[in-house]
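This report concerns only the one structure given below.
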Amino acid sequence: MKILVTGGLGFIGSHTVVELQNQGFDVIIVDDLSNTSLEVLDGISNITGKIPAFEKLDLREKNKVQDFFNRHHDISGVIHFAASKAVGESVGNPLLYYENNLNSLIYILQELQKKEEASFIFSSSCTVYGQAEKMPITEDALVQAAMSPYGNTKQIGEEIIIDTAKVTNINAILLRYFNPIGSHPSAEIGELPLGVPQNLVPFITQTGMGLRKELSVYGNDYPTSDGTAVRDYIHVVDLAKAHVIALQRLLDKKNIEKVETFNLGTGTGSSVLEVIHAFEKVSGQKLPYKLVDRRAGDVIEAYANTDKANTILGWKAESTLEEGMDSAWKWEQKVRKAK
Ligand code: WQD
C-alpha cells in the first residue's frame, strides 16, 4: 500500500511517516520545504531504517500536482498535512493562506476523484470550534465563525471535502487536533524551530535554553483555576498513531459515513502555568516568565471530549503532559547542541 503524505517533512507529518513505516506502509512524501528541511528525511530513516521516497512539490502548481499523480498511479491513500499554519501570520497575509491551504487541497482532490476509490485523511484543528460553549468539546459542537484566516481555511477545507466526498469515490476522515507538543523519544525528529516560536511549548524550551530572555504569559485574568488559559496538549507521537489508525479504517472500508470527524486530544485541560510547572519539573530548572495582557484571538479554554476517537477508532492518547514536555526539552537540547 503506497501512501502519499503531503507536508510529510513537517512536525506532525514526519512523526506520522515514522508510524506509517512502522506499520509496513510504503510512503512517499511531498513537501515544498518552505517550513522544514531535507535533514528531516535522515531523522525519519534513523528511526525506522527506511528512507521514504520524497519529491519536492509546490501543491499550488496544478500541472505539477497532475504530473505527480500521473507518475504515481498506485497511491491508495493520502494524508494531507501540507498547509501554512501560523495563526498570526494568516491575519496579516490572508491570500497566502487561502491560496496555499485551499488550492493545494482542491488540486489533490481533483486527482483523487479520478480513482476507483481513495482514502483521504485531513489535518484539521480544534480552532474550528472557536470558544466552544461546553467543555470538554465534542465533535458535534458548533463550528463557529473562524477567529483567523488560518482557522477559516480549515473550516472551508472540511466543507470542500464533505461536498466532494458526496459525489465521488473519496472517503475521508477529518482529524481535529488540539495542541500538539513534544517530539519522538529518539530525539531524531521534532518541531523545527524556524524564527520566533508562536506556540507555547517551543517558546518555553527555547527560554529554558537561554535563547529567549523570558516567557510572556498571555493573560492571567481568565476565568480558569489559576487565571491562565487552558488547552489540551497532546503528544505528537500519540497524534501520529491516530492518523495511521484512521487511514487503516478507510482502507479496510470500516467507515460508516463517507466523511467522519474525530477530535484528537488527551481529554484533559492544562493551564499555561501548569505547562510551565511541568517544564520546571522535567528540566529541574526554574523558567523565567512574566504575566502580560491577553493575546488577541485566544480562547479561554479548549480541551477535547475523546469518547468518539476512543470508542470508534479504538485510539487513546497515552503520554502525559510531563512526558510531552520531557521529549520537547530533550529535542531542544539536541537541536541546540547540533548548532
Ligand atoms: C497555547 C496557550 C496562549 C505562547 C494554536 C493554533 C491551533 C494549533 C495550535 C495549528 C495559549 C499561551 C502561547 C506564548 C503564552 N495550530 N501562550 N505565551 O493558540 O492554543 O493554538 O496552535 O493547527 O490551530 O490556534 O497554541 O501554543 O500558541 O498557545 O502564554 O509565548 O499558551 O495564550 O493560551 P493555541 P499556542
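Taken together, Ala309, Ala302 contain a single residue that is touching a strand residue (DSSP E or B) at 6+ places or on another chain (Cβ under 7 Å) and either within 12 Å of the ligand (Cβ to nearest atom) or modelled with pLDDT under 95 (or both), which is Ala302.
Return yes or no: is Lys114 more than 26 Å from Pro223 (Cα to Cα) and out of contact with any strand residue (DSSP E or B) (no Cβ under 8 Å at 6 or more places or on another chain)? Spelling it out, Lys114 is indeed more than 26 Å from Pro223 (Cα to Cα) and out of contact with any strand residue (DSSP E or B) (no Cβ under 8 Å at 6 or more places or on another chain).
For the stretch 191-210, check the following and say yes or no: at least one residue is in the same structural domain as Val244 (by TED's automatic domain parsing), charged (D, E, K, R) and not in a helix (DSSP H, G or I). Among the residues of the stretch 191-210, not one is in the same structural domain as Val244 (by TED's automatic domain parsing), charged (D, E, K, R) and not in a helix (DSSP H, G or I), which makes the answer no. For the condition closer than 19 Å to Ile121 by Cα, touching a strand residue (DSSP E or B) at 6+ places or on another chain (Cβ under 6 Å), assigned by TED's automatic domain parsing to the domain that holds Ile121 and part of a helix (DSSP H, G or I), Gly8 does not qualify.
Among the residues of the stretch 223-253, those identified as away from the ligand (no atom under 16 Å from the Cβ) and under 30 Å from Pro185 (Cβ atoms) are Val237, Lys241, Val244, Ile245, Ala246, Leu247, Gln248, Arg249, Leu250, Leu251, Asp252.
When the residues of the stretch 163-212 are filtered to those that are more than 20 Å from Leu41 (Cα to Cα) and among the small types (Gly, Ala, Ser), the one that is farthest from the ligand (Cβ to nearest atom) is Ala165. Selection of the stretch 65-100 for residues being surrounded by fewer than 17 Cβ atoms within 10 Å (Cβ to Cβ) and in contact with a strand residue (DSSP E or B) (Cβ under 6 Å, 6 or more places away or on another chain) yields only Asp74. Checking each residue in the stretch 312-337 for being among the small types (Gly, Ala, Ser) and touching a strand residue (DSSP E or B) at 6+ places or on another chain (Cβ under 8 Å) picks out Ala317, Ser319, Gly324, Ser327, Ala328.
The values are calculated or read from the model by the stated rules, or taken from the named source; none is laboratory data. Only a predicted model underlies this, so the values are computations on that prediction, with no experimental measurement involved. Backbone-built Cβ (ideal geometry, glycine too); neighbour counts: all protein chains shown.
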